[in-house]
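Q: Quick one: the structure is below, questions incoming.
The values are calculated or read from the model by the stated rules, or taken from the named source; none is laboratory data. Predicted model only: the values in this text are computed from it and were never measured. Note that each Cβ is placed from the backbone with ideal geometry, even for glycine, and that neighbours are counted across all protein chains shown. Heavy atoms of the whole protein, side chains included, go into the accessibility calculation; ligands, DNA and RNA do not. Shrake-Rupley method; radii C 1.70, N 1.55, O 1.52, S 1.80 Å.
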Amino acid sequence: MASQQDLQELLRLLTVARKVPMMQAMAQIKSLQAVELRSIRQISEAPLATVQTAINDEKAAKALHSACKAAVKRGDLGNSTTSGTKRPASTSDNTAASSKRPKQDFTSGPVEMTPQELESSLELPVNTDQELISQTAIETNRAPLVLAFAVELLRHTMPEQPLSSRLSLSQAVVSANSRTKAVSIGLEKGPSAEQEGFGEGQPRVRVMGREIAVLKRSGYEWRGDETVGSQVKATQSDKTQQTETQSSASTSTLTASYYTPTQTQTQIWSTSSPITLRSSTFVARATAISSPSERKFLLQSLLASQPNLKSATHNAWAYRLRPPEGSRASAWGSLMIREESFDDGETGAGDLLLKIMRELNTVNTLVVMSRWYGGIMLGPDRWRLMRNVVTDALGQRLRKAGGEVQLGGEAVWGLDLEAVRNKSSGSGTGSKYGGITSVVGTSIHSPQGARTYLLKSFATPSPPTKGTEGKETTHTKKRKQTLKEIDAEKEDNLGLLLGALRIVFDSWADHLDPAELDRRAWAWYVAVRPDVEHGPGGWGAKGVLRLQSILDLKRREGGT
């Protein structure tokens, strides 16, 4: 049986030396273990055919076999159950890199990166230089363009989702769209996995008009670059729940129409940890409310007890109330839950607060979300930060009241239902339409696979030249590029494409709600996608896309 050191060395060789994405490396290690290859030395001494049975890719298997042989020859292995040798002192790059990586226990299950490490490893290039974008054309097929559209769209429609989730969800959209197209042109037959009931009972989200089955990533706690617990604006007494007692003097000036508590009544506000990003600070509070008439008094009493809130740029609020038992419809207008919200200049904040309260099934509660604007636009990050502080405040209140906090807005994976069906049928193969991996036995769309797909999909078209008869042709002689140069060029093109999409979505974000932005995104994609031949002949075909056509979708002042 392999030691933890053997497994760590093998993972290091795959991820550092071979540059294999972490999740793919873990899958390869599992496959190698299935054929009793548990260390670098064992792989180096095994026949190549055995390695190929584990790594279902002849080229990758040969490369791994050679890398393991080279590692053994260099003698840079540590304690091994097969060799009995010790790792010599070394200052090599590999050793330095491994010293920065957290220790991982393979004996307890799959190797996992921290959320910060995972999200950092998936970062995508984004270049918003409009002049350069307007001069750029790319050559691509349609599927990766859908992927790029979805990744940028989700920054606004689901800002609480980390990049890993956005990539996975976007690849799920590509997979579903590709299969639908394959059926429509006769390349596939029969019902889809979703039509056969796979994924039934799983939560779903809408992305570019498609319903995507998802898997909740329970316990995945990710934050961006914001600082949690900053005291830039909040006072020391504001860090946790506060008890504010209103005296009779403070309530005597209120009119009779306002809710007025007794002198001995205590009002409890649950307060989130403040969050600061790029000089903007957010904090939220939640308290009990039993009647619409209480709302104005509660807000006034909060401002009186926390005068620092008067300096906030925005104090948005929302409440949800269930009618009291035995109340009549005439008193409430209806027996439905009553909702009300106010943005206070923070566009869309009130609606977001109500949405979060609905997700958490929160009633008889008033929420106040305060923001001190720091002078720097946050883009879709503001939605995520508002969600975080509001969820924190509501969670504290429900825990204090003995209630159970339901999950809402948590990170998710996009499920690969075709791969799930294939596994259930015993074929053991994944989906044809996207890279997949497995989480607790469930096939999901891999964020690393989606990222790799994006990085390799946007080439620079060959410039047209004059043929012998004066006709334009795309064939031209130029210096042959190295693979490294080609990859760098594709990465630059991806950055410009994502930059163009970001400019467009950012221009519309404050003028369209998420549902409308999602609806328009598909129409925008259809308007700019490259022209290809109809029918089977156009399957996977490439065309030229001028990025200026994407910039033309940008909202103009006063536009709709």
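Q: Spelling out what I want: for every residue of the range 159-173, take phi, set θ = phi - 60°, compute 6.51 cos²θ - 1.76 cosθ + 1.60 (Karplus), and round to whole Hz; glycine and proline get x.
A: Values per residue, Gly and Pro as x: x, 6, 7, x, 4, 4, 5, 5, 5, 5, 4, 5, 5, 5, 5 Hz.
Q: Something else: Restricting attention to the range 498-560, which trypsin sites (Lys or Arg not before Pro) occupy a DSSP loop and are surrounded by at most 10 other Cβ atoms within 10 Å?
A: Arg556
Q: What is the set of long-range amide H partners of Thr227 at a cut-off below 5 Å, with H atoms built 1.01 Å from backbone N?
A: Thr276, Leu277
Q: Contour minus end-to-end for Arg556 and Lys19, with contour as 0.36 nm per residue of separation and end-to-end as the Cα-Cα distance? The partial results should precede the final answer.
A: Details: separation 537, 0.36 × 537 = 193.32 nm, distance 4.35 nm.
Extra length available between Arg556 and Lys19 comes to 189.0 nm.
Q: Right, another one. Rounded to the nearest 0.05, what FRET efficiency do Ser218 and Glu359 have when you use their Cβ-Cβ distance and R0 = 22 Å? Display every interim value, and only then the final one.
A: On the way: r = 15 Å, r/R0 = 0.70.
For R0 = 22 Å, the calculated efficiency reads 0.90.
Q: Would you grab the residues whose amide H sits under 5 Å from the one on Ser280? Only those 5+ places off in sequence or on another chain, please, with H modelled 1.01 Å from N.
A: It is Gly374, by chain and number.
Q: Still on this structure, I have one more. Could you order Met158, Met26, Met386 so the one with the most accessible surface comes first? Probe is 1.4 Å. All intermediate terms of the calculation are to be shown ahead of the outcome.
A: Details: Met158 20, Met26 40, Met386 0 Å².
Listed by decreasing accessible area, they come as Met26, Met158, Met386.
Q: Would you mind calculating the gained length between Thr347 and Val532 on full extension (0.36 nm times residue separation, minus the Cα-Cα distance), in nm to one decimal?
A: Full extension of this stretch gives 62.5 nm more.
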